[in-house]
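Worksheet: the structure to be examined is printed underneath.
The values are calculated or read from the model by the stated rules, or taken from the named source; none is laboratory data. What you see is a predicted model; the values in this text were computed from it and never measured. Neighbour counts are summed over all protein chains in view; Cβ atoms, including those assigned to glycine, are modelled from backbone coordinates with ideal geometry. SASA here: full protein model, heavy atoms, side chains in, ligands and nucleic acids out. Shrake-Rupley method; radii C 1.70, N 1.55, O 1.52, S 1.80 Å.
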Amino acid sequence: MTTICPCNSSGPSASYHRCSIRLISPSVMLGLHECATSINESQVNGIDFPMIALQKAETPIHSTQSLDTFHSTTSLHSVLRAIMSRPTYIVEGSLVKIQLPPSWRTTVTALTHRPYNQLVACDWQDHGRDIMTSLFTNHWATPNVPMTDITNNDASKLDLRPQIICLDLRIRSYYSKIRYIHGPALLDDQYSSHSARIVAVENPPDTPEQQDSVVFVITVQDETPIGWQPAFDSSIITVRCTYDQRAPSPYNLANIQGDILPGLPKVVQYFYYFVTQDDGFTDIFKSSILPRITSSLKLVSQPTSHDYLGLNVGFTRWYLKEILELPDDLQDQAFYTGQSRDSEYLGDAGRVEFNRWWPDWDDEFSFDNFDGIFIITAVNEAIADNFVQEMEAAFGKSIHKKLLIKGRRRPGHQASSNHFGYRDGISNPEVRGVTFDVQEQSDPRYPGSPIVPLGAIVMGYDGDEDKDRRPGWAVDGAFMVTRKLHTYVPEFEAFLLERGPKYFRDLTEQTAADKLGARLIGRWKDGTPMELSPDRPDPSISGNDERVNNFIFQSFDQTHCPYAAHIRKCSPRNYVSPDESDNSHFIRRHGISFGPEVTDEEQSSGRTLHARGSHFVCYSSSIERGFKHIQCGRSNNTVFPPRKNTAPGMDPIIGETNKDGQNCWMTGADPNNEGRMIIFQTPFVVPRGGEYFFVPSISTLRDYVSTRSQNRH
């Protein structure tokens, strides 16, 4: 960035605007101070910036002064920082370039005004590093709604955290009136929008005190304008830049693996279950894996790149106790039992042979079959596959792959939905300063999500009931539960079509089926809560992050949402027994779908022919109080929620019973007859395997996993 002195400029040009001046030397500052005496005000990015403040500086800046001395001149420094370290922009056709100085936090949102396909591509590069990309898209025939970032779980906002060096942001707009040309396919010059213009507002009325912000409003003209005057009304992009003066985090985020919190970004997610073979594992882990482990701090403080790859690792109780011989106890009986043995109490189908419980699982999930698991996330399969190949080549015979499950977000507008078609991932518990930034947001993205202390998820902090009994090597770690859940989508949909019209006789067959499905889940497919809209999905709710999760359940009324509905069982919100009104039972879910989409043959026959489902992953500081309590104490418990006039029954989606002659059942599905029992002859979700892991801190990976020799007897 070149240096421009305001007194030598006749005003910003139409295409190139600056609102900052780079410090070249103290003499430049002297010139700025002197020229200010002859200037009343200067237009900065279209903002009237009062230069009179410069005239009030008590001490002139001389070329012999050091920068430190200059900083001590606080009145002048505050003004100079505002001018010299503020975001700048350039507009070139439909391309907008914004340079962000250090310590400026930036958010980007986009709003479509058109029914055809649009794409807003945001590229950024912190100097000397790779280019990173976010892609905001809309849906066909859905104008006047926020666009969502398909590279970041359909988030409605790109959040660029403050950097220690300048950050270059490029925003480009594309469109197509051909329906099948959408998403990344629009990244071609032939689909580029015609032009853009920008208006800047300094410190708008909603700027908190003691903050400094600039808001850039970019309006886009997609098509070549008719006549000479563009309308600039095809889409609106808002870039908000805030000078960040945050306090340091009270958490050791650099030591926590990132999938625990806030969660590894992903389009694809691989689960690489493995056993170690010899001492070679330790050395290779130290040199090839440990440096690539993704920390919470990295995810919180740095944006992801277009070729991003996330990596975390967890280990079983067998590996920690028998191979590494780690001392002390993690204070969790379920972890040391292992999920295979524990599956009997979870309700998984199985049998007793030779005085031992054998779950009906896939063969790969046999007893004590794993040492650990690598969690690998990426923006596409090619990046993930390439890493797996590199990792296996590095480990050689020191590691053996027992199972590799490849998950992927579902295509198109189903990206945030499970295979049943219901929007997912809305109500995860949030941790202030980790999953959302309290300086930017008073509430998480979805208000209504529980806000919990870090210790509910991560060991060694307030909220961890065993905090004082944890061994030192467990601090900053968490338990991870994995479950391979097969889903029977055609059977579920056939059930709804058969039963729905019997409950809702005044509705068409499909509408009745949709309503019954929503009552079993607790939400309509678009995410609208039944509690807020019991009769139909409501786009004004599902499309509004402020409303879609912001509700509580009616105390003794299930006409809106059944007591046994899936979301009410798993997250009862205001409906808990007195001993549960704390943070003991929260888990953070970060799973993904696997398997193909339902085929036409499966749809017409009502029978599942191809394996598909969800690879469930959750984290917490206790398996017993977290995952196991939710599965056994809520989903399988026929009298939870408690103190109801009608026994609620079991969770119709994940509720289980392995007792002979018993089926899953619930009440409340029929709002006109709350006591009417509905019995499910076959389950719609069937566990086919899983395990309990401990995800250690990065320091424990360094000090124990990377240094101790294998101790296989």
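The accessible surface of segment 413-507, taken with every protein chain in place and a 1.4 Å probe, is 45 percent carbon and sulfur.
Here the Karplus relation 6.51 cos²θ - 1.76 cosθ + 1.60, evaluated at θ = phi - 60°, turns the backbone of segment 481-497 into coupling constants of 10, 10, 9, 8, 10, 7, 10, 10, 5, x, 5, 4, 5, 5, 4, 5, 5 Hz, with x for every Gly and Pro.
Rolling a 1.4 Å probe across the protein heavy atoms gives segment 431-575 an accessible surface of 38 Å² per residue.
Would you be so kind as to identify which of Val201, His182, Val217 lies farthest towards the positive end of the dipole of segment 171-222, taking Lys and Arg as +1 and Asp and Glu as -1 on Cβ and the Cα centre as origin? The one lying farthest along the dipole's positive direction is His182. Partner lysines whose Cα lies under 24 Å from the Cα of Lys157, excluding those fewer than 8 positions away in the same chain, are identified as Lys97, Lys266, Lys298, Lys525. Note that segment 687-696 has calculated 3J(HN,Hα) couplings of x, 10, x, x, 7, 9, 10, 10, 9, x Hz, one per residue in order, obtained from phi through the Karplus relation 6.51 cos²θ - 1.76 cosθ + 1.60 (θ = phi - 60°); glycine and proline are x. Share of carbon and sulfur in the accessible area of segment 528-639 stands at 50%, probe radius 1.4 Å. With a cut-off of 14 Å between beta carbons, the residues surrounding Gly183 carry a summed charge of 0, where Lys and Arg count +1 and Asp and Glu -1.
How would you classify segment 576-713 from its alpha-carbon gyration tensor, with a ≥ b ≥ c the square roots of the eigenvalues: rounded for a/c under 1.5, else prolate if a/b is greater than b/c, otherwise oblate?
Verdict is oblate for segment 576-713.
In the complete set of protein chains, residue-level accessible area for Asp159 is approximately 40 Å², probe 1.4 angstrom.
Roughly to the nearest percent, how much of the accessible area of segment 144-293 is carbon and sulfur, given a 1.4 Å probe? Solvent-exposed carbon and sulfur of segment 144-293 make up 53 percent of the total. If you sort the three axes of the alpha carbon gyration tensor as a ≥ b ≥ c, you get a/c of 1.5 or more for segment 131-275 and a/b no higher than b/c, which makes it oblate.
Karplus-derived 3J(HN,Hα) values for segment 423-431, using 6.51 cos²θ - 1.76 cosθ + 1.60 with θ = phi - 60°, are 4, 10, x, 8, 10, 4, x, 10, 10 Hz; glycine and proline are entered as x. Rounded, prolate or oblate for segment 471-553? Axes are the square roots of the Cα gyration tensor eigenvalues, ordered a ≥ b ≥ c, and the cut-off for rounded is a/c under 1.5. Taking the square roots of the gyration eigenvalues as a ≥ b ≥ c, segment 471-553 is oblate.
Legend: P(r) of segment 274-413 from all alpha carbon pair distances, 10 Å bins from 0, whole percents, reading 9, 31, 33, 22, 4, 0.
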